[in-house]
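Data first, discussion second: the structure below is written as structure tokens.
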Amino acid sequence: MKRYLILSIIVISLMVPPLSQAEEFTQKDRERLIRLETKVEEGQKALQRQLTDLKVDTQRQTDDLKELILWGFGILFGGMGLLIGFVIWDRRTALEPVAKKYRELEEQPSNPAESNEPVLTG
């Protein structure tokens, strides 16, 4: 056990001096850090511009899609209204001769003996 303790102390003592003798922060390092900071800021600004442009484009596309859907529904319901109107008109014109004949038959007397027309018997 004593041997492991001595070995640990030796390993730790060999590692500590290189850590304590680290280079100092030089002017060159400061300049590099400043350049890096400006590049990061420029990148953030460019990214923000791209996000803003993307948001505007997405909003425009959404508005265009809504307009297209509204036009589609307008055309669809307009066509349905025209179809219903045509069906009603067609039924009225098709039933007009039948209704005319029915009115004529109603106006005729119900007793054939009272009418002046000859009655055909079979």
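Ratio to report: Rg/Rh of segment 26-103, with Cα atoms as the point set and Rh obtained by the Kirkwood method; give two decimals.
Using Cα coordinates only, the ratio equals 1.76.
By how many nm would the segment from residue 94 to residue 25 lengthen if fully extended, with 0.36 nm per residue of separation less the alpha-carbon distance?
Answer, rounded to one decimal: 14.8 nm.
Here, each number is a calculation from the coordinates, and none is a lab measurement. Since this is a predicted model, take the numbers as computed values, not measurements.
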